[in-house]
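Notes follow the structure.
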Amino acid sequence: MDGDFRTTFVREPGALKQHPALVLNADYRPLSYYPLSLWPWQDAVKAAFLDRVDIVAHYDEVVRSPSMTLQIPSVVVLKDFVKPQKRVAFTRFNLFLRDEFRCQYCGTKTELTFDHVIPRASGGITSWENVVAACARCNLRKGSKSLRQAGMSLFKPPRQPSASELLNMGRKFPPNHLHESWLDFLYWDAELEA
Ligand SMILES: [Zn+2]
């Protein structure tokens, strides 16, 4: 494990049987939601031995070495606070996340593609402000027309999201496989809905 805590996350939390540990920042919030900050259990154990984390919760399973038996950690918390990243990467995934995985024209969640609001043919660039999630049907319907020419409108004007906006979005779309001991830490600070 090197100095950057973010580089070593387990990308496939579906592998719950591999006992990944949820990594919390020193404020007990997950270090990241996308991807969810999960370490292989070996890294979590190593970090605990190096005194960089405290173990908050365990799996039932244990690992044995000739000299000791250890319960596998399921949640660890960093002793030193890591500043959250400020800049949001312009990636396909983050763009879909900003748009809540919905077509920005009709709201459907299927067959999502990307649409240039000002078409490339008219000089539209590929940026947070000019690309939205759009279903294949709306994308086809809009073609290389402007919004006005196509008679279509957007749910909201596209813009670059802040890191905390994306973080809040991320909470709405949890990964498929969660260990029960993670749940308290994933949702305790989520905004309450009236
Ligand atoms: Zn659509």
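A few comments on the model shown:
- Global size of the chain: 20.8, 74 Å for Rg and Dmax (C-alpha atoms, Rg to one decimal, Dmax whole).
- Relative contact order (%) - criterion: Cα under 8 Å, at least six apart; region: the chain: 21
- Karplus 3J(HN,Hα) series, Hz, for the stretch 43-54 with 6.51 cos²θ - 1.76 cosθ + 1.60 (x for Gly, Pro): 5, 5, 5, 4, 5, 5, 5, 7, 6, 8, 9, 9
- Within a straight-line Cα-Cα reach of under 23 Å, Lys145 can be paired with the following lysines, leaving aside sequence neighbours fewer than 8 residues apart in one chain: Lys109, Lys156.
- Derived scalar couplings ³J(HN,Hα) [the stretch 77-82; Karplus, 6.51 cos²θ - 1.76 cosθ + 1.60; whole Hz; x for Gly, Pro]: 10, 5, 7, 9, 5, 9
- Net dipole in debye of the chain [+1 Lys, Arg Cβ; -1 Asp, Glu Cβ; about Cα centre; nearest 20]: 1200
- On the beta carbon distance between Arg159 and Tyr28, with R0 = 35 Å, the FRET formula returns roughly 0.70.
- Spacing of the modelled spin labels on Leu183 and Phe81, each 7 Å from Cα toward Cβ, amounts to 3.0 nm.
- Dividing the mean sequence gap of close Cα pairs (under 8 Å, 6+ apart) by how many residues the stretch 92-150 holds gives a relative contact order of 36 percent.
- In this structure, the amide hydrogen of Gln104, modeled 1.01 Å from its nitrogen in the peptide plane, lies closer than 5 angstrom to those of Ala133, Ala134, Cys135, counting only residues at least 5 positions away or on a different chain.
- 5 angstrom amide H check on Tyr59, placed H, neighbours 5+ away: Ile72, Ser74
- Seen against the Cα atoms of the chain and their longest principal axis, helix 163-172 is set at about 80 degrees.
- Residues Arg98, Arg171, arranged from fewest to most other Cβ atoms within 10 angstrom of their Cβ, appear as Arg171, Arg98.
- Long-range amide H partners of Ser32 with built H, under 5 Å: Ser37
- For the pair Arg137 and Lys46, the difference between a 0.36 nm per residue extended length and the Cα-Cα distance amounts to 27.7 nm.
Bear in mind that the values in this text are calculations on the coordinates, not laboratory data. Model, not experiment: these values are computed from the prediction. Don't worry about glycine lacking a Cβ; one is built from the backbone with ideal geometry, like all the others, and counts go over all protein chains shown.
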